[in-house]
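Shown next, in structure tokens, is the structure this report addresses.
The values are calculated or read from the model by the stated rules, or taken from the named source; none is laboratory data. Predicted, not measured: the structure shown is a model, and the values here were computed from it. Note: ideal-geometry Cβ built from the backbone for every residue, glycine included; neighbour counts use all protein chains shown.
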Amino acid sequence: MSTQPAEQIPPADFLDLADPAFSIRSDAVLKARERNWYARTPYGLAILRYDELQAMIHHPSLRQGSHRWPDHHAMTGPWARWWKRIMLNREGADHARLRRLAMPAFAPRRVQALIPDFQALADDLIDGFEAAGACEFMADFAEPYATRVICALIGLEQDRWRWLADNAIDMGLALGVTYARDEARIDAATDRMIAFARDLVARRRADPKDDFIGALIAANSDKDALGDTELDDLIVLSIFGGIDTTRNQLGLAMTLFLDHPDQWRLLAARPELAKPAVEEVMRLRPTTTWVSREAAEDFTFQGLDIAKGTTIHLVSGCAAADPRHFSDGFDIVADRKRHFGFGGGRHHCIGAPIARADMAEALKRLTARLKDPRPDGDPVLLPDSGNTGPVSLPIRFGRAGEVR
């Protein structure tokens with residue numbers, strides 16, 4: 001990659017990512033991407049093009065930047081403290097230790113063993129609204145599905161899903177641009193979830209099982225390797241991340257398919273395309289609209305001097321639609337370069353195999369049973385910046401197999 005002298009760098013646009021009305025998919029962002037590979041924001045720099053993002057996500061002068069998110073909002077409460085402790089925001093040997101200890105819980109055999117549960121959950125939920133020919137997709141499918149998957153993962157009774165979902169959703173508000181406004185709600189949910197994790201560990205120590213929680217507890221048997229607080233934090237992160245991400249991502253998948261009914265029909269005819277469909281959804285509409293990094297030292301990139309401590313947002317959806325590398329449109333059979341919806345480098349999402357599997361099974365069952373879904377009213381969406389997704393998404397559909 002060539003380096004331009006600083007005086008030849010085109011001027012960078014300012015994008016107000018902190019404005020709840022701002023959309024990361026707006027014309028302003030697309031124009032900024034064409035003028036330059038980066039833009040300036042209230043939080044630091046935003047990287048908008050594919051080549052630069054790919055280089056930045058592996059850059060040796062950068063560390064994980066999400067740990068600064070509470071600081072950008074002057075938040076110091078329970079969620080902020082938990083966020084700064086978790087594996088996602090640790091660095092170096094400490095991060096590697098926590099990832100190594102957590103990996104057995106995410107082993108492929110555990111994911112494969114849950115596939116029948118994912119299929120049964122999807123069918124059970126569709127049974128509840130299929131005959132009506134309509135549903136509120138988020139409340140009737142995406143939210144209970146994502147949460148009940150986590151119930152299956154952690155061995156929790158399925159009738160507890162509503163409590164788990166409500167707290168995960170409240171915690172998820174911290175990752176949006178309205179964090180400060182929702183602080184009290186976020187922190188209360190965080191306290192409840194940490195207490196829940198401690199109680200779950202106590203109950204499972206009394207009744208051991210060879211499952212996800214059992215694997216994490218086994219790592220905690222040597223408290224010098226994985227401390228009690230670290231164990232609680234890993235459990236909360238797994239629950240919160242699994243529910244919030246899958247719920248939002250399924251909703252965003254449905255919004256794309258509503259706009260591209262030919263792709264829905266294609267997936268119904270060819271269910272083996274469910275895995276590439278998940279990747280195409282996450283390329284264009286990742287619920288995590290940017291991945292954060294922070295300059296660990298002063299360095300120069302593409303002729304731009306970047307000071308130590310600068311936050312850098314890698315805007316994955318924008319970069320993964322960069323016309324220098326991607327053709328227009330949503331196409332589940334297209335051969336695409338890799339996307340960054342699960343992050344990348346040392347800090348790639350440890351739960352990605354579970355998320356990919358549960359979303360693929362959900363899309364298989366939905367396309368097999370719902371014919372030609374279409375909007376049934378206006379959706380309500382979270383701000384299209386930070387972590388995003390539908391709050392409500394009413395749809396109508398025919399039943400697969402019906403003759404029109």
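Step by step: first the residues of region 210-244, then only those that are closer than 14 Å to residue 152 by Cα and free of Cβ contacts under 8 Å to residues at least 40 places away in the same chain, then the one that is surrounded by the most Cβ atoms within 10 Å (Cβ to Cβ). Which residue is that? Looking at the filtered set, the residue picked out is 214.
For region 305-335, the candidate set comprises residues that are surrounded by fewer than 17 Cβ atoms within 10 Å (Cβ to Cβ) and closer than 20 Å to residue 33 by Cα; within that set, the residue that is farthest from the chain's Cα centre (by Cα) is 305. Of all residues in region 319-378, those that are touching a Leu at 6+ places or on another chain (Cβ under 7 Å) and among the charged types (D, E, K, R) total 1.
Sub-8 Å Cβ pairs linking a first residue in region 1-23 that is at pLDDT 55 or above to a second residue that is of a type in the set (Asp, Glu) and surrounded by 11 or more Cβ atoms within 10 Å (Cβ to Cβ), at least 6 apart or interchain, are 22/16; 22/384; 23/384, ordered by first then second residue. Scanning region 76-107 for residues that are touching a helix residue (DSSP H, G or I) at 6+ places or on another chain (Cβ under 8 Å) and assigned to a loop (DSSP other than H, G, I, E, B) yields 76, 77, 86, 90, 107. Is there any pair linking a residue in region 107-128 that is under 16 Å from residue 356 (Cβ atoms) and without any contact (Cβ under 8 Å) to a residue 12 or more places away in the chain to one that is surrounded by 13 or more Cβ atoms within 10 Å (Cβ to Cβ) and of a type in the set (Lys, Arg), with Cβ under 8 Å and at least six apart or on different chains, and which? Listed by first residue and then by second, the contacts come to nothing, as the list is empty. Scanning region 129-148 for residues that are in contact with a strand residue (DSSP E or B) (Cβ under 7 Å, 6 or more places away or on another chain) and without any contact (Cβ under 8 Å) to a residue 24 or more places away in the chain returns a single hit, 129. Of all residue pairs spaced 6 or more apart or on separate chains, those with beta-carbon atoms under 6 Å, a first member in region 265-278 that is touching a residue at least 24 places away in the same chain (Cβ under 8 Å) and a second member that is basic (Lys, Arg) are 271/364; 274/364; 278/356.
I'd like to know if region 201-209 contains one or more residues that are surrounded by 16 or more Cβ atoms within 10 Å (Cβ to Cβ), part of a helix (DSSP H, G or I), more than 22 Å from the chain's Cα centre (by Cα) and modelled with pLDDT of 90 or more. Yes, the conditions are met somewhere in region 201-209.
Which residue pairs have Cβ atoms closer than 6 Å, lie 6 or more positions apart in sequence or on different chains, and pair a first residue in region 357-373 that is among the aromatic types (Phe, Trp, Tyr) with a second residue that is modelled with pLDDT under 95 and not in a helix (DSSP H, G or I)? Within 6 Å, no pair qualifies. If you check 47, 57 for being among the aliphatic types (A, V, I, L, M) and under 18 Å from the mean Cα position of the chain (by Cα), only one passes: 57. Taking region 291-304 as the range and being over 13 Å from residue 38 (Cα atoms), touching a strand residue (DSSP E or B) at 6+ places or on another chain (Cβ under 8 Å) and not basic (Lys, Arg) as the test, the residues that pass are 291, 292, 294, 295, 296, 298, 299, 300. Note on region 109-133: among residues that are small (Gly, Ala, Ser) and surrounded by fewer than 16 Cβ atoms within 10 Å (Cβ to Cβ), the one that is nearest to residue 146 (Cα to Cα) is 120. In region 318-331 there is no residue that is under 21 Å from residue 145 (Cβ atoms) and out of contact with any Gly (no Cβ under 9 Å at 6 or more places or on another chain).
The criterion of at least 2 residues that are of a type in the set (D, E, K, R) is met, among strands (runs of 3 or more DSSP E) falling completely within region 347-404, by 370-375, 394-399. List every residue pair whose Cβ atoms sit under 6 Å apart, with the two residues 6 or more apart in sequence or on different chains, where the first one lies in region 152-166 and is within 22 Å of residue 217 (Cα to Cα) and the second, anywhere, is among the acidic types (Asp, Glu). Hits for this filter: 152/117; 155/211.
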